[in-house]
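The values are calculated or read from the model by the stated rules, or taken from the named source; none is laboratory data. Please read all numbers here as calculations on a predicted model, not as lab measurements. Backbone-built Cβ (ideal geometry, glycine too); neighbour counts: all protein chains shown. Note: accessible area is taken over every heavy atom of the protein model, side chains too, but ligands, DNA and RNA are not part of it. Shrake-Rupley method; radii C 1.70, N 1.55, O 1.52, S 1.80 Å.
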Amino acid sequence: MYEWNWQTIAEYLPFVARGIPMTLLVSFGAIAIGVILGVVIGLLRTMAWPAVQRALLWFVELFRNTPVLVQIVYFYYAVPLLLQTKIGPLQAGIVAIGLNTAAYISEIVRGGIVGVGRSQVDAARSLGLSKLDTMRKVILPQAARRMVAPTANMFVVVMKESALVSYIGVAEILHRGDVVQVQTFRPLEVYTMVAVLFLLLITGMTRLMAMVERRWTPVAE
Amino acid sequence: MDKPVLDLAGVHAHYGEFHALRGVDLTLWRGEVIALIGPSGSGKSTLLRTANLLVTPTHGRISFEGREIVRENGAGRSEVLLRDHQLNEYRTRVGIVFQHFNLFPHLSVMENLVLAPTLVLGLDRDTATARAMELLKTVGLAEKADAMPGDLSGGQKQRVAIARSLAMEPEVMLLDEITSALDPETVGEVIRTMKLIAERHVAMLVATHEMDFAREVADRIVFMDEGRIVESGPPAQMLAEPQEPRTRLFLDRILRRATT
Ligand SMILES: Nc1ncnc2c1ncn2[C@@H]1O[C@H](COP(=O)(O)OP(=O)(O)O)[C@@H](O)[C@H]1O
Ligand SMILES: [Mg+2]
C-alpha cells in the first residue's frame, strides 16, 4: 500500500514551485507572439491579395492540423538544421506554441471581422467611407468585442499547453516535477504538487479572463 | 423637375450567374419622388444598390447630374468611370437607407450622424454636431442623441438612419422598404419622416409596399417584375387603371391585403 508522504511535499515544493516563473514566461511569450502575429495574419486574411490570403491559409492549416508537441519538437530539433543555427529549448518552445496560437487567433480575428456582417460594410460605404475608414471606424471596433471571449479562452489553453515544453527540457513546473520524481519515486505526491500549482495558475488566469470578458461584451443593434 | 439627376439606361446586374436586373431604363428628375413597387425578388433592392454602386452593373450606363459615371465599353460591358475617392464622393450624394437600418451599434445616435460628415465631408466636429442636432430635431429624436442604437425602437432606429443619410446632404435618397421591418404602430412615424424629406425637394427613389405613401407622396409609380420595369405612370392612373395584367394582379393582391 502506497502511503502519502507529506515530507516529500515539504522538501520539494520550493524546487517545483521555482518552475512557476518559467511556466509564466513560456505562456506569456507564446501569447505575445500569438496575439501580434495572429492579429496581423487575421487582418491580412480578410484584406490582402488573394495569393497572400492563400499562403496564410496554408500557414494556419499547417499549425492547426499538427500536434503542438510535434511542432515544439520540430522547432527544437529540426528547424536548427534547416537554418544552420542552434535554438535553445526555451526559444523553440515559445516560438512553436506562439505560432500555433497565432494560427488560432488569426482565425478568431478573421471570424470576428466576417461576423460583423456585410450590412455594416454597406452602410459605411454608402455614406462614402473609404475601405480603410470602414475597417477602422466601423468593422474593427465591433469585431474586437467579438474577439475578446474566444481570445481569452485561447490564453487559458496556451497556459495548459506550456507544460509540453517539459518534453524538450525547459525547467518549468512539470519538468521540475519530473526531476524530483526520478530522484524520489514518489509520483503521487510529486504530480499532485504539479497539478495543484497548474490548477492555481490556470484558475487565476480563467478568473482574470472572465473579468475581461464581462467588461467587453459584443453590442447588439 | 427640370433636369434629370439620376439616369439609368439599359442597366443589367448579375449575382454570379443569376441575372437580377434585365435592362432597366429609369430617369429620376430633380426633386421627384418615385415609388418603386413590385413583388419580393423582383429586383427593387438590386436596382437601388446599383444606383448607389454598391452593386456594379454588368451592362448599361448611369449618369448623375448629366455626367456619365458608368459607361459601356466596346464589348457592351459596364465600366465605372469613377476612381475610388470619386466613388466615395458619389455615394455621399446618393444616400441609401436600408430595410434593417444598419445603424452602427457601437456608436451613439449622435456619433452615427457625425462619423461620415467628419471623415468624408471634412466638417469639423462642432459643425457636424450642430447639423446632426438639427436633423435629429427634424426627425423628432433630439432627446435620443446620446442613446445607443440598441436602446431604440424600430421606428426610432429607422428615423436615425434617415437622419444619418440626410447628414451628407445628398441630392438623391434611395429608400429600400424602410418600413417593412417595423412594428405596425411605428410605421406611421417613419412615413411622416419620409414626407418631410420629400418636402425638402430631395429626389427620392422609394422601394415600398406602402400604397398610401405611393398614392399621396409619389410623383410616379414604377412597377418592377423579374428584373424589369413593367409599367410606370402617375399614381392616380397606375392605381386606378394599370395597363399590364401583371401590374393589375400585383395591385389587386396588395391593395386587398391592405384593406382586410
Ligand atoms: N447577394 C445576392 N446573391 C445572389 N442573389 C441575390 C442576392 N441579392 C438578391 N439576389 C436575388 O436577386 C433577385 C432580386 O432580389 P432583390 O433585388 O433583393 O429583390 P427585391 O428587393 O425586389 O425583393 C432575387 O431573386 C434574389 O434572390
Ligand atoms: Mg428588397
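Worth pointing out:
- Within the stretch B:116-131, the set of residues being buried (at least 17 other Cβ atoms within 10 Å of the Cβ), more than 13 Å from chain A (Cβ to nearest Cβ) and within 23 Å of A:R136 (Cα to Cα) comprises B:T129 only.
- Matching residues in the stretch A:159-192 - criterion: being of a type in the set (K, R), over 24 Å from A:M209 (Cβ atoms) and at pLDDT 95 or above: A:R176
- B:F64 vs. criteria in contact with a helix residue (DSSP H, G or I) (Cβ under 6 Å, 6 or more places away or on another chain) and either exposed (fewer than 14 other Cβ atoms within 10 Å of the Cβ) or among the aromatic types (F, W, Y) (or both): no
- Condition check for A:K160: basic (K, R) and without any contact (Cβ under 8 Å) to a residue 24 or more places away in the chain: no
- Members of the stretch B:81-97 found to be within 9 Å of another protein chain (Cβ to nearest Cβ) and open to solvent by 60 Å² or more (accessible area, probe 1.4 Å), listed by number: B:D84, B:H85, B:E89, B:R93
- Screening the stretch A:75-187 for helices (runs of 4 or more DSSP H) wholly inside it with 3 or more residues that are crowded, with 22+ Cβ neighbours inside 10 Å returns the ranges A:89-116, A:118-126, A:140-161, A:173-184.
- Tally of residues being more than 19 Å from the chain's Cα centre (by Cα), of a type outside the set (S, T, N, Q) and not in a helix (DSSP H, G or I) across the stretch A:1-37: 5
- Across the stretch B:25-37, the number of residues qualifying as touching a Lys or Arg at 6+ places or on another chain (Cβ under 6 Å) and within 16 Å of ligand 2 (Cβ to nearest atom) comes to 2.
- Extreme residue, nearest to the chain's Cα centre (by Cα), among residues of the stretch B:98-112 that are part of a helix (DSSP H, G or I) and facing chain A (nearest Cβ under 10 Å): B:N112
- Of the residues making up the stretch B:20-58, those that are more than 14 Å from chain A (Cβ to nearest Cβ) and within 16 Å of ligand 1 (Cβ to nearest atom) number 20.
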